[in-house]
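This report refers to the structure that appears directly beneath it.
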Amino acid sequence: DTGVSQNPRHKITKRGQNVTFRCDPISEHNRLYWYRQTLGQGPEFLTYFQNEAQLEKSRLLSDRFSAERPKGSFSTLEIQRTEQGDSAMYLCASTPYTGELFFGEGSRLTVL
Amino acid sequence: DQQVKQNSPSLSVQEGRISILNCDYTNSMFDYFLWYKKYPAEGPTFLISISSIKDKNEDGRFTVFLNKSAKHLSLHIVPSQPGDSAVYFCAASADSSASKIIFGSGTRLSIRP
């Protein structure tokens, strides 16, 4: 399968713990995006990378959130000191500049 | 501040009839618009897009219409089929290379037999 891959698919953690999600984009795609989706809402933009450069971050991305894309390949999204409000589906997508985003199946975070 | 709005959370249409999903936007810098479809437990999948230089784009049963003066776009599905039952997201970007795509809250479409 050569689609966008996200791991883990589901993470349950206690408040205050750190979590990390990984995204492997489609190999020839230069741009990689992170979105967050809560129930009944559309995906909210968090950040995006062009190759290894992080070009934009949403104000939604507090200091507890950090994303990296070393070597312009896979990306990680880390959330430190998780809060219950962080519970959401974290979606990764990639694109080869066409505007058509290819999404992964998402990583669901539940903070207890 | 919601820049892309889908005011109908749900829509029910009889199989074979036309489904019309609506979307409004507030940011006049948006010039590229997309529709995505999402099934449960899956990520959204791209359906169709339109650039602001056009007012209509067609792909099979799907047509997107753009009214720039009204800052409104719509997705028409005809004829509607059971497999079209899903959540549909309208999205917009300030450029066609997708530097940042903003999504609406979605409309759940149900196709009834």
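The values are calculated or read from the model by the stated rules, or taken from the named source; none is laboratory data. Quick caveat: nothing in here was measured; it's all calculated off a predicted structure. So basically every Cβ, Gly included, is an ideal-geometry build from the backbone, and we count neighbours across all protein chains shown. The accessibility values were calculated without ligands, DNA or RNA, using every heavy atom of the protein model including side chains. Shrake-Rupley method; radii C 1.70, N 1.55, O 1.52, S 1.80 Å.
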message: Filter segment A:36-88 down to the residues that are more than 30 Å from B:Cys23 (Cα to Cα) and among the aliphatic types (A, V, I, L, M) and list them by number.
response: A:Ala53, A:Ala67, A:Leu77, A:Ile79
message: Looking at B:Ile102, B:Ile50 in this structure, which one is out of contact with any helix residue (DSSP H, G or I) (no Cβ under 9 Å at 6 or more places or on another chain), closer than 23 Å to A:Lys57 by Cβ and either within 14 Å of chain A (Cβ to nearest Cβ) or buried (at least 18 other Cβ atoms within 10 Å of the Cβ) (or both)?
response: B:Ile102
field: B:Val87 vs. criteria within 16 Å of the chain's Cα centre (by Cα), within 14 Å of another protein chain (Cβ to nearest Cβ), under 24 Å from A:Val4 (Cα atoms) and aliphatic (A, V, I, L, M)
entry: yes
statement: Restricting attention to segment B:22-35, the residues that are away from every other protein chain (no Cβ under 11 Å), touching a residue at least 60 places away in the same chain (Cβ under 8 Å) and either farther than 18 Å from B:Ile102 by Cβ or touching a Gly at 6+ places or on another chain (Cβ under 9 Å) (or both) number exactly 1
Strands (runs of 3 or more DSSP E) within segment B:36-107 that include 3 or more residues of a type in the set (Gly, Ala, Ser) and either under 26 Å from A:Tyr35 (Cα atoms) or free of Cβ contacts under 8 Å to residues at least 60 places away in the same chain (or both): B:86-93
Subset tally (residues that are within 14 Å of another protein chain (Cβ to nearest Cβ) and open to solvent by 60 Å² or more (accessible area, probe 1.4 Å)) for segment A:49-91: 6
query: Which members of segment A:92-108 meet the condition of being open to solvent by 60 Å² or more (accessible area, probe 1.4 Å) and at pLDDT below 90?
result: A:Tyr97, A:Thr98
- prompt: Within segment A:19-40, can you find the residues that are within 9 Å of chain B (Cβ to nearest Cβ) and either among the hydrophobic types (A, V, I, L, M, F, W, C) or closer than 12 Å to A:Leu91 by Cβ (or both)?
  reply: A:Tyr33, A:Tyr35, A:Gln37
task: Kindly check whether there is at least one residue in segment B:98-111 that is more than 25 Å from A:Glu105 (Cβ to Cβ) and among the aliphatic types (A, V, I, L, M).
output: no
message: Considering only residues that are part of a strand (DSSP E or B) and either under 12 Å from B:Leu109 (Cα atoms) or open to solvent by 20 Å² or more (accessible area, probe 1.4 Å) (or both), which ones fall in segment B:3-24?
response: B:Lys5, B:Ser10, B:Leu11, B:Ser12, B:Val13, B:Gln14, B:Ser19, B:Ile20, B:Leu21, B:Asn22, B:Asp24
- prompt: Do the conditions hold for A:Leu46, that is, is it within 14 Å of chain B (Cβ to nearest Cβ), closer than 21 Å to B:Lys37 by Cα and part of a strand (DSSP E or B)?
  reply: yes
